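Following: one structure in structure tokens, then a few remarks.
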Amino acid sequence: ALKSTSGWKGYGYAGENGTNDYGWNGLPGGNRTSSGGFYYVGYKGYWWSSSQYDAGNAWNRVFSFGVDNVLSYDSNKENGFYVRCIRD
């Protein structure tokens, strides 16, 4: 419902795009690891949450190809994920 309707590569078969029901347009830009590598471009989109998990980790949300649910994980703060800015 939050994933974009384009940009998804899939895993060896035709891409399953999102529906973007709410106009959020979450893109599958992958992530950047703390070592500087980029992964999952076209397959997953990672966004930071504003919630800290512990001193070195924070919560993030993940949109994945072929998965309808938004997944939640804790990740090292040195990773590079998207942020979404909102205005009051």
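General observations
- So TYR22, is it free of Cβ contacts under 8 Å to residues at least 60 places away in the same chain and on the phi > 0 side of the Ramachandran plot: no
- Residue match in the range 33-50 (condition: among the charged types (D, E, K, R) and more than 11 Å from the chain's Cα centre (by Cα)): no
- Residues satisfying the stated conditions in the range 29-82, i.e. among the hydrophobic types (A, V, I, L, M, F, W, C), part of a loop (DSSP other than H, G, I, E, B) and closer than 23 Å to LYS9 by Cβ: VAL41, PHE65, VAL67, VAL70, PHE81
- Residues in the range 74-88 that are within 17 Å of GLY26 (Cα to Cα) and surrounded by 12 or more Cβ atoms within 10 Å (Cβ to Cβ) were compared, and the one that is farthest from the chain's Cα centre (by Cα) is GLY80.
- Residue tally, condition among the charged types (D, E, K, R) and at pLDDT below 90, over the range 4-50: 2
The values are calculated or read from the model by the stated rules, or taken from the named source; none is laboratory data. Because the structure is predicted, anything quoted here is derived from the model rather than measured. Cβ: placed from backbone, ideal geometry, glycine included. Neighbour counts: every protein chain shown.
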